[in-house]
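Presented below is the structure to which this report refers.
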Amino acid sequence: MKPILEIQSISKKFRINHEQQPYLSLRDSLSNIFKNKHSKEDFWALKEVSFDVMPGDTVGIIGKNGAGKSTLLKILSKITPPTSGKIISRGRIASLLEVGTGFHPELSGRENIFMNGSILGMRRAEIQKNFEAIVDFAGVEKFIDTPLKHYSSGMQLRLAFAVAAFLENEILIIDEVLAVGDAEFQKKCMGKMGEVSKSGRTILFVSHSMPSLQAICKKGLVLTKGETSGIISVNEAVSLYLNDNNKNSAFFKHNNVNPYIKDAYIIEAKALTSLGNNVNSYNVYEDIIFEIIWENKKGIPVTPNFTMVNQFSQNVMIATDTPVDFDGKKKTETGIYKNTFKINKHLLNSGQFHVHLALNNALSSVCYDLQPYALNFSVVDKMDELSIQRGAFRLVREDAVLWPVLDCNFEKIQL
């Protein structure tokens with residue numbers, strides 16, 4: 001079987017202009033009028049990118065902002081040409097890259113559906129067959145004959161997604177435009193994309209949401225500064241991206257503040273596995289241990305504690321060592337101490353987490369030392385047989401911070 005998409009050594013170069021001189025006086029400007037005041041720099045957004053996509057593949061494209069993801073999708077969608085390289089496509093492509101792309105503001109929703117479908121290569125009969133489903137999914141029945149310029153951005157997004165998802169193109173390309181929709185619409189879109197992937201159509205999906213990518217895609221492509229090593233499994237791609245994104249961030253060392261001005265201060269901290277390895281990414285079925293080394297310089301009661309937040313800046317948990325030292329008085333001798341906190345496996349949902357560390361006096365609420373974002377790590381759900389808290393669920397629930405394994409049971413009570 002031949003690939004439905006062959007990407008062969010694609011590169012894309014942009015020319016960047018730099019202003020060499022600041023604002024000048026009128027006399028200086030006149031004297032320099034014939035001089036070149038700009039320098040130009042070549043910027044390669046993509047460098048020799050090659051990979052094949054097979055029919056029915058669902059590929060998640062991952063990378064930091066500026067890695068070249070959107071440029072790649074625009075080239076695949078034939079919006080912009082590559083500087084060098086070749087693309088062989090063996091199927092019709094429908095792309096959703098920006099809100100309202102391919103729509104005309106003066107035309108009604110109905111007219112835009114037929115126009116956009118035609119642009120995507122659909123015959124009128126194909127568009128007509130899916131017309132009611134498109135309108136129903138987009139929820140724009142009352143406004144279908146209203147000019148698009150009167151639609152809100154959310155309504156335009158819903159209509160654009162519905163057209164791309166319901167028309168029967170072999171390849172569906174979606175950038176992370178879904179981020180502008182509300183939570184209910186995002187959930188609806190994810191469900192539809194799941195249906196599309198099961199129907200055998202090919203999907204290329206860009207997202208910064210690792211759980212969303214894992215739920216929809218089976219394969220992944222990681223872009224780093226316009227380069228990639230090719231397609232791998234989506235779980236490998238997520239782990240590669242998260243480990244690179246949080247490199248050395250699960251270790252903290254206090255080396256930029258004079259500790260002698262503090263009564264107590266944190267020397268260093270680590271996030272560890274149960275085997276004592278300092279890593280930046282954990283599976284949902286792994287214990288996570290925080291190790292904090294700190295010094296009590298003045299012989300005062302100290303309560304080490306931390307606050308954990310997720311990638312949406314939501315507070316996940318607050319923890320103190322009060323179960324072993326109720327008021328901090330057991331650590332009033334001067335010297336260096338080591339505290340450990342254990343987060344049990346199967347507690348956290350997948351996501352990115354940040355830990356603020358602190359040393360407090362629990363009795364007087366004095367804070368001796370505070371280190372925001374001292375530890376940063378990711379939790380990954382591989383969705384395999386070890387993810388017992390998920391079971392067979394492919395549902396993405398980023399709105400839930402915790403997904404614990406609870407004591408539960410079942411019984412048959414009637415024949």
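Quick note: the coordinates plus some simple rules give every number you see, no bench work behind them. Since we're looking at a predicted model, the values are computed, not measured. With ideal geometry, Cβ positions are generated from the backbone for all residues, glycine too; neighbour counts draw on all protein chains shown.
Top mean-square fluctuation among Asp321, Asp57, Asp384, Gaussian network model of the chain, C-alpha springs under 10 Å?
Taking springs between Cα atoms under 10 Å, the residue moving most is Asp384.
Using 1/(1 + (r/R0)^6) with R0 = 22 angstrom and r between the beta carbons of Glu106 and Ala133, what's the FRET efficiency to the nearest 0.05?
The calculated FRET efficiency here is 0.30.
How much length is gained if the chain between Arg92 and Lys40 is pulled fully straight, taking 0.36 nm per residue apart and subtracting their Cα-Cα distance, in nm to one decimal? Kindly include the intermediate steps, with their values, before the conclusion.
Values: separation 52, 0.36 × 52 = 18.72 nm, distance 3.76 nm.
Between Arg92 and Lys40, full extension yields 15.0 nm more.
For a quick check: with amide H placed at 1.01 Å from N, whose amide H comes under 5 Å from Thr58's, ignoring anything fewer than 5 positions away on the same chain?
Residues meeting the criterion, in which the H sits 1.01 Å from N, are Ile203, Lys218, Lys219.
Taking Cα centroids, how far is the stretch 203-219 from the stretch 111-186 in Å?
21 Å
How large is ³J(HN,Hα) for each residue in the stretch 163-170, as worked out from phi by the Karplus curve 6.51 cos²θ - 1.76 cosθ + 1.60 (θ = phi - 60°), to whole Hz, x for Gly and Pro?
4, 5, 7, 8, 6, 8, 6, 6
Rounded to the nearest 5, what % of DSSP beta bridges with both residues in the chain are antiparallel? Kindly include the intermediate steps, with their values, before the conclusion.
Details: 67 of 86 bridges.
Here the antiparallel bridges make up roughly 80 percent for the chain.
Please state the relative contact order of the chain as a whole percent: Cα pairs under 8 Å, 6+ residues apart? Could you put the intermediate results ahead of the total?
Details: 840 pairs, mean separation 57.5, N = 415.
That works out to 14 percent.
Quick one: dipole size for the chain, taken about the Cα centre, charges +1 on Lys/Arg Cβ and -1 on Asp/Glu Cβ, in debye to the nearest 20. Please list the in-between numbers first.
Details: 48 positive and 44 negative charges, 216 e Å.
Result for the chain is approximately 1040 debye, rounded to the nearest 20.
For the chain, modelled as a Gaussian network with Cα springs under 10 Å, which listed residue fluctuates most, Ile203, Ile300, Ile134?
Looking only at Ile203, Ile300, Ile134, the largest GNM fluctuation is found for Ile300.
Would you mind getting me the FRET efficiency between Asp145 and Glu195? Use the beta-carbon distance for r and R0 = 35 Å, nearest 0.05.
Numbers: r = 28 Å, r/R0 = 0.80.
According to the calculation, E is roughly 0.80.
State to the nearest 20 debye the size of the charge dipole of the stretch 251-380 about its Cα centre, where the only charges are +1 on K and R beta carbons and -1 on D and E beta carbons. Don't jump to the answer; show the numbers that get you there.
Values: 11 positive and 11 negative charges, 21 e Å.
For this selection, approximately 100 debye.
Once R0 is set to 41 Å, what does the formula 1/(1 + (r/R0)^6) return for the Cβ-Cβ distance between Ile336 and Ser84, expressed as a FRET efficiency to the nearest 0.05? All intermediate terms of the calculation are to be shown ahead of the outcome.
Values: r = 59 Å, r/R0 = 1.43.
Approximately 0.10, to the nearest 0.05.
Residues of the stretch 281-301 with amide nitrogen under 19 Å from the 7 Å Cα-to-Cβ point of Leu386?
Answer for the stretch 281-301: 281-290.
Step through the residues of the stretch 134-145 one at a time and calculate ³J(HN,Hα) from phi using the Karplus curve (6.51 cos²θ - 1.76 cosθ + 1.60, θ = phi - 60°), rounding each to whole Hz and writing x for Gly and Pro.
5, 5, 5, 5, 6, x, 10, 3, 5, 10, 5, 9
What does the extension gain come out to for Thr322 and Ala400, with contour length at 0.36 nm per residue minus their alpha carbon separation? Each step should come with its number before you reach the end.
Working: separation 78, 0.36 × 78 = 28.08 nm, distance 2.70 nm.
Going from the current span to full extension adds 25.4 nm.
Per residue of the stretch 301-306, in order, report the coupling 6.51 cos²θ - 1.76 cosθ + 1.60 (Karplus, θ = phi - 60°) as ³J(HN,Hα) in whole Hz, putting x for Gly and Pro.
So the J values, rounded to whole Hz, are x, 10, 10, x, 7, 8.
Under a GNM of the chain (C-alpha, springs under 10 Å), which listed residue has the highest mean-square fluctuation: Leu402, Leu46, Leu76?
Top of the fluctuation ranking is Leu402.
Between Gln311 and Cys408, what is the spin-label point distance in nm, taking each point 7 Å from the Cα along the Cα→C-beta axis?
Taking the simple label geometry, Gln311 and Cys408 are separated by 2.5 nm.
Taking the number of other C-beta atoms within 10 Å as the exposure measure, put Trp294, Trp44, Trp403 in order starting with the fewest. If you can, show how the numbers build up before the last one.
On the way: Trp294 24, Trp44 15, Trp403 19.
So the residues, fewest neighbours to most, are Trp44, Trp403, Trp294.
From the residues Cys408, Thr58, Leu359, which one has its Cα farthest along the dipole of the chain in the positive direction, the dipole being from +1 and -1 charges on Cβ of Lys/Arg and Asp/Glu about the Cα centre?
In the chain, that residue is Thr58.
If you take the charge dipole of the stretch 72-167 about its Cα centre, with +1 on Lys and Arg Cβ and -1 on Asp and Glu Cβ, which of Gly117, Leu72, Tyr151 is farthest toward its positive end?
Toward the positive end, the furthest listed residue is Leu72.
Please work out how much length the chain gains when fully extended from Glu176 to Ser153, using 0.36 nm per residue of separation minus the C-alpha to C-alpha distance, in nm with one decimal.
Working: separation 23, 0.36 × 23 = 8.28 nm, distance 1.49 nm.
Once the chain is fully extended between Glu176 and Ser153, it gains 6.8 nm.
Give the relative contact order (percent, whole number) for the stretch 299-360; include only Cα pairs under 8 Å separated by 6+ residues.
Numbers: 86 pairs, mean separation 31.5, N = 62.
Once normalised by length, the contact order is 51 percent.
Just to be sure I understand the curve: with the Debye formula and one point per C-alpha of the stretch 251-380, what is log10 I(q)/I(0) at q = 0.09 Å⁻¹?
-0.25
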